[in-house]
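For reference, the structure discussed in these notes is given below.
The values are calculated or read from the model by the stated rules, or taken from the named source; none is laboratory data. Note that the coordinates shown come from a computational prediction; the quantities given were computed from them, not determined experimentally. Note that we place each Cβ from the backbone using ideal geometry, even for glycine, and neighbour counts take in every protein chain shown.
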Amino acid sequence: MTAFLFLVATNALPGNAASTPEEEPAAFTPKVQTTLTADLVALRNPEGVMLFVGGYRRWIQDMTVEVIPSRYVQTGLGLGISPAYAKAAVYGEWKPAVFVKLRLEYDYLRYFGRNAGLLSFPTKDSRFGKREIDALEDKEEMGSGQRILFQPTLYAMAGSVIICNQTDLFYVRYNGNGPYFLDREYDTLLKDGDLLIANRTQFLVQAWKGKGEAILLTGPSYEITHAGDADINRQRVGALLYWVARDISWGMNRPRIYALIGVNIQDRNRDGEMYLVLGFGTDFDL
């Protein structure tokens, strides 16, 4: 679902937050970091909700003077669940320099046969808006999907501005009738064995900086998605907010609230319509 894409984008922020230059550390000693994560995300147009929990182990080789990990290797696991499907993920991530991060991920999807989880469409020209999906109630299949994702992320920083560009390239397999399937995360039609590319660019301004990792980032966002076989393009523009209130609160590390509101400027089913993503998450450093 689009909500998970937003999760990926916000978690892609360099170091999750930045400290001020006055806190410049002494010579850095490589270290290992283990963190558990939890996020609850809801979205509208299309409607959806997902609880995502996971964890990662990060081997940090170097940091910048702003206490941002500039080089590391990371492995992680994740599990997401929604009323329509569940998702299990395993990934490896490499950040060879402060301006680039590379992720390779395998996802297994299990559809429950309800809530538009696995719907089939006859042609690539089929419409899949709210009216069409409502008309297919009780036509969902119980089935599965598998996906291999390659995700490069590029960063640039200019003063208090962070520029983040992230691309998703993935190959997907479905177990169902088809020939075209509704993909809930990217809200598009894909065939079994199809390819998809999605690109998101964010310009985030540090509007506020608190103690430690407390931070408020806000700014514009642009997204374009292309489904391979169906040749479906979607473009969106929006405004993004990402807020970490405190370093630690009630035993939680970096509790965060994030939101994305925007408009579909090119969409087969929702041209000119607004969309909304809202989430809450936290980490638990071990």
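Residues in segment 272-286 that are of a type in the set (A, V, I, L, M) and assigned to a strand (DSSP E or B) were compared, and the one that is nearest to K211 (Cα to Cα) is L278. Across segment 179-190, a minimum of one residue is classified as outside any loop (DSSP other than H, G, I, E, B), aromatic (F, W, Y), surrounded by 16 or more Cβ atoms within 10 Å (Cβ to Cβ) and in contact (Cβ under 8 Å) with a residue 60 or more places away in the chain.
Within segment 227-286, if we keep just the residues that are over 20 Å from L204 (Cβ atoms) and aliphatic (A, V, I, L, M), the residue that is surrounded by the fewest Cβ atoms within 10 Å (Cβ to Cβ) turns out to be L286. Among residues of segment 185-223 being of a type in the set (D, E, K, R) and within 24 Å of Y242 (Cα to Cα), the one that is farthest from the chain's Cα centre (by Cα) is K211.
Of all residues in segment 89-106, those satisfying the criterion of being under 18 Å from D168 (Cβ atoms) and either surrounded by 18 or more Cβ atoms within 10 Å (Cβ to Cβ) or of a type in the set (G, A, S) (or both) are A89, Y91, G92, E93, K95, K101, R103, E105.
In segment 38-70, the qualifying residues are those that are out of contact with any helix residue (DSSP H, G or I) (no Cβ under 7 Å at 6 or more places or on another chain), within 26 Å of S160 (Cβ to Cβ) and not basic (K, R), and the one that is modelled with the highest pLDDT is I60. Applying a threshold of 6 Å to beta carbon distances and a minimum spacing of six or more residues, or different chains, the list of pairs starting in segment 34-47 at a residue that is farther than 16 Å from L79 by Cα and touching a residue at least 12 places away in the same chain (Cβ under 8 Å) and ending at one that is of a type in the set (A, V, I, L, M) and in a loop (DSSP other than H, G, I, E, B) reads T34/L286.
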